[in-house]
Amino acid sequence: MPNTEGAASPIEWAPDGGAFLYRTGSSLKRRDLAATVSTDVPTGDTVGIGAGVSYAEASSGDVLVVDTQRAVIRISGRGGSPAPVGLRLPDGHLPEHVAFLPDSQRYLVTTSASGRGALFLAKLGADTPRHVADDVGGRVVFVPPDILVFRRQSTLVAQRIDLEGADLVGT
């Protein structure tokens with residue numbers, strides 16, 4: 001694609017599939033598939049964008065970033081300054097990846113703690129997430145209406161989630 005020089009992983013698709021987010025050096029960019037140029041996502045001076053960051057876009061246009069300091073930051077699609085979401089994880093858990101759910105208010109967070117990963121379901125405006133599962137590694141993908149795809153040790157798992165109770169369903 002022209003005008004995407006310097007793009008680096010990860011590349012994250014927007015919920016409608018019509019755009020994607022990507023990183024170039026210390027900048028976060030958004031590219032509409034119908035456009036010929038990318039636009040900067042306004043991260044301000046306090047959000048560290050670099051290798052190892054994770055980001056996700058909601059249908060509202062909001063973007064969540066796990067920055068280089070391992071903080072979860074919300075960048076409003078309506079403008080304004082980036083701000084921490086105030087997420088309080090259990091001791092020792094550091095956020096690794098985020099993924100918005102279709103309602104643009106709830107999101108999934110994978111964490112690492114002492115070599116073991118965990119999955120939490122959080123909501124914008126609430127500081128305490130609900131624990132969903134242990135031994136979850138890396139990125140989690142939500143497949144509507146209620147399937148999570150994730151890695152458990154060296155195996156890919158597709159499992160239903162009860163979004164109201166934040167519980168995995170079945171085995």
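The values are calculated or read from the model by the stated rules, or taken from the named source; none is laboratory data. Computed from a predicted model, the values in this text were never measured in an experiment. Cβ: placed from backbone, ideal geometry, glycine included. Neighbour counts: every protein chain shown. These accessible areas exclude ligands, DNA and RNA; they are computed on the full protein's heavy atoms, side chains included. Shrake-Rupley method; radii C 1.70, N 1.55, O 1.52, S 1.80 Å.
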Next item on the list: Can you confirm whether the range 113-133 contains a residue that is surrounded by fewer than 22 Cβ atoms within 10 Å (Cβ to Cβ), of a type in the set (S, T, N, Q) and within 23 Å of residue 151 (Cα to Cα)?
Entry: yes
Checklist line | Any chance residue 110 is part of a loop (DSSP other than H, G, I, E, B) and either surrounded by fewer than 18 Cβ atoms within 10 Å (Cβ to Cβ) or touching a residue at least 40 places away in the same chain (Cβ under 8 Å) (or both) | finding: no
Check: Can you pull out the residues in the range 63-86 that are open to solvent by less than 40 Å² (accessible area, probe 1.4 Å) and either among the β-branched types (Val, Ile, Thr) or within 11 Å of the chain's Cα centre (by Cα) (or both)?
Finding: 63, 64, 65, 66, 67, 72, 73, 75, 85
Next item on the list: May I ask you to list pairs of residues, at least six apart or on different chains, whose Cβ atoms are under 8 Å apart, with the first in the range 149-163 being outside any strand (DSSP E or B) and the second being hydrophobic (A, V, I, L, M, F, W, C) and surrounded by 14 or more Cβ atoms within 10 Å (Cβ to Cβ)?
Entry: 163/101; 163/121
Checklist line | Candidates 78, 139, filtered to the one that is assigned to a strand (DSSP E or B), at pLDDT below 90 and either under 29 Å from residue 45 (Cα atoms) or basic (Lys, Arg) (or both) | finding: 139
Note to self: Suppose we filter 119, 168, 89, 156 for residues that are at pLDDT 90 or above, within 30 Å of residue 44 (Cβ to Cβ), more than 15 Å from the chain's Cα centre (by Cα) and not basic (Lys, Arg); which single one remains?
What the structure shows: 89
Note to self: Looking at the range 90-101, can you tell me whether even one residue there is open to solvent by 60 Å² or more (accessible area, probe 1.4 Å) and either closer than 22 Å to residue 20 by Cα or among the basic types (Lys, Arg) (or both)?
What the structure shows: no
Notebook entry, point to check: Is it true that residue 54 is within 28 Å of residue 18 (Cβ to Cβ), surrounded by 14 or more Cβ atoms within 10 Å (Cβ to Cβ) and not aliphatic (A, V, I, L, M)?
Noted result: yes
